[in-house]
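Below is one structure, written out as structure tokens, with a few remarks after it.
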Amino acid sequence: MNLSGFYTVVITLFILMAVGYFAYRLHIVDDTAANRLSKLIICIGQPCMIINAFVKYQYTKSDFINGFTVVGLGILLHVLMAVVAFAACKIFRFRSIDEAKATEFAIIFGNCGFLGFPLMESLFGAEGLFLAAFFNISFQIGVWTWGIAIMARKRDDIRLTPKKILLNYGTVPCLIGIVLYLASPYFICPAPLASTFSYLAALCTPVSVMVTGALLATRKPKQIFADPQIYYLSAVKLLIIPIAVCLIAHFCGLGDNMTVFLTIMAAVPSASTVTMLAELYGISPGYASQAVGASSLLSVATMPAVIALASLIIKI
């Protein structure tokens, strides 16, 4: 199993994070700029990334069925991770409710785009990338429902209403993307519009990771590397959940490829979305960036171990 793509992406992630870190230290980026950039990604970049993932593909009935099978499995996976994260955060004493909320969010939602997409492509080719795009629908549904509900706890200014559940920066672009995908045999997205989606989608990775690096610059090195909360989060996120997912998927008879697919999606480190939302709502953004950075670093060791274990389990 080729992991070169994974290591390339992880190294790139840390270089981008370092750029953001030094941009903050050199006063190129400040707290206001980080907040504005977070809004830019959440309101413009991420929706365009979702739509862009769908306009690349031509509709076929078999692909459509496979894609929505992955959406269903992705929702079940996020429900499982939400249950584990809720329980894990109940039995651990956190320094503050905001850090507890950021931890719970970071355990559930992984970097299934920036890391998941290239990993799936390297393992399963174009089909893996296609299925990863559909998996991202379950991620977006989870973020904008349960994810926002987590952030809204004990906060009167963050409200989760039925309207916000149905109409938000995740569900609306997913719907637009699916419509464009279904219409692809009869309607090809105009080249200028497709290019616009592509260019704006390209903002997501560099800007979001640089913001994470900038927020890391607000923390002392001892806070980043000597925090038991972060190691607890990473153990649950990077080891306990993916191993459990692998065992459940295998013994439920989902097949070798789907078992590996779901295991990897469960094993990717925390998504930078937690940093964006934490910065946007003022929920311990420095700690949230710590969670993303540390889990990404530790995944360099845990990801190969989890994949090797998954390879052994599917042989049973």
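Numbers below:
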{"quantity": "Exclusive hit being among the β-branched types (V, I, T), part of a helix (DSSP H, G or I) and open to solvent by 50 Å² or more (accessible area, probe 1.4 Å), set I230, I224, I240", "calculated": "I240"}
{"quantity": "Test: residue in segment 45-53 that is over 17 Å from the mean Cα position of the chain (by Cα) and either surrounded by 14 or more Cβ atoms within 10 Å (Cβ to Cβ) or not aliphatic (A, V, I, L, M) (or both)", "calculated": "no"}
{"quantity": "Looking only at segment 54-66, and only at residues there that are without any contact (Cβ under 8 Å) to a residue 24 or more places away in the chain and of a type outside the set (D, E, K, R), the one that is surrounded by the fewest Cβ atoms within 10 Å (Cβ to Cβ)", "calculated": "S62"}
{"quantity": "Filter pass, Y169 being surrounded by 15 or more Cβ atoms within 10 Å (Cβ to Cβ) and under 17 Å from the mean Cα position of the chain (by Cα)", "calculated": "yes"}
{"quantity": "Among (1) open to solvent by 10 Å² or more (accessible area, probe 1.4 Å); (2) farther than 21 Å from L123 by Cβ - the single one A291 does not satisfy", "calculated": "(1)"}
{"quantity": "Check on I107, out of contact with any helix residue (DSSP H, G or I) (no Cβ under 9 Å at 6 or more places or on another chain) and within 23 Å of S295 (Cα to Cα)", "calculated": "no"}
{"quantity": "Residue match in segment 15-29 (condition: crowded, with 17+ Cβ neighbours inside 10 Å and more than 23 Å from V209 (Cβ to Cβ))", "calculated": "no"}
{"quantity": "Pairs, first buried (at least 24 other Cβ atoms within 10 Å of the Cβ) in segment 203-217, second part of a loop (DSSP other than H, G, I, E, B), C-beta under 7 Å, six or more apart", "calculated": "S208/S272; V209/S272; T212/S272; A214/V29"}
{"quantity": "Residue within segment 263-286 that is closer than 21 Å to S138 by Cβ and either over 14 Å from the mean Cα position of the chain (by Cα) or free of Cβ contacts under 8 Å to residues at least 60 places away in the same chain (or both) present", "calculated": "yes"}
{"quantity": "Count of segment 32-43 residues which are open to solvent by 70 Å² or more (accessible area, probe 1.4 Å) and touching a residue at least 60 places away in the same chain (Cβ under 8 Å)", "calculated": "1"}
{"quantity": "Selection from segment 250-280 of residues that are at pLDDT 85 or above, buried (at least 24 other Cβ atoms within 10 Å of the Cβ) and of a type in the set (S, T, Y)", "calculated": "T263, S270, T273, T275"}
{"quantity": "Cross-chain or 6+ apart pairs with Cβ under 8 Å, segment 139-155 first and closer than 18 Å to S96 by Cα, then open to solvent by 30 Å² or more (accessible area, probe 1.4 Å) and β-branched (V, I, T)", "calculated": "R153/I97; K154/I97"}
{"quantity": "Residue count, segment 189-219 (criterion: modelled with pLDDT under 85 and out of contact with any helix residue (DSSP H, G or I) (no Cβ under 7 Å at 6 or more places or on another chain))", "calculated": "1"}
{"quantity": "Matching residues in segment 197-221 - criterion: being in a helix (DSSP H, G or I) and farther than 23 Å from L115 by Cα", "calculated": "P221"}
{"quantity": "Residue check for T69: free of Cβ contacts under 8 Å to residues at least 12 places away in the same chain, open to solvent by less than 60 Å² (accessible area, probe 1.4 Å) and within 24 Å of N136 (Cβ to Cβ)", "calculated": "no"}
{"quantity": "Selection within segment 89-102 - among the aliphatic types (A, V, I, L, M) and closer than 25 Å to I137 by Cα", "calculated": "A102"}
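Let's see how each residue does on (1) assigned to a helix (DSSP H, G or I); (2) in contact with a Ser or Thr (Cβ under 9 Å, 6 or more places away or on another chain):
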{"residue": "T263", "(1), (2)": "yes, no"}
{"residue": "L277", "(1), (2)": "yes, yes"}
{"residue": "L280", "(1), (2)": "yes, yes"}
{"residue": "A288", "(1), (2)": "yes, yes"}
{"residue": "A294", "(1), (2)": "yes, yes"}
{"residue": "L298", "(1), (2)": "yes, yes"}
{"residue": "V306", "(1), (2)": "yes, yes"}
{"residue": "S311", "(1), (2)": "yes, no"}
{"residue": "K315", "(1), (2)": "no, no"}
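Yes/no per residue for (1) modelled with pLDDT under 90; (2) acidic (D, E):
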| residue | (1), (2) |
| --- | --- |
| M17 | yes, no |
| S38 | yes, no |
| Q46 | yes, no |
| I65 | no, no |
| G72 | no, no |
| A82 | no, no |
| E99 | no, yes |
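The values are calculated or read from the model by the stated rules, or taken from the named source; none is laboratory data. Note that the structure is a prediction, hence the values are computed from the model and not measured. Positions of Cβ are generated from backbone atoms using ideal geometry, with glycine treated the same way; all protein chains shown enter the neighbour counts. Please note that ligands, DNA and RNA were not included when accessible areas were found on the heavy atoms of the full protein model with its side chains. Shrake-Rupley method; radii C 1.70, N 1.55, O 1.52, S 1.80 Å.
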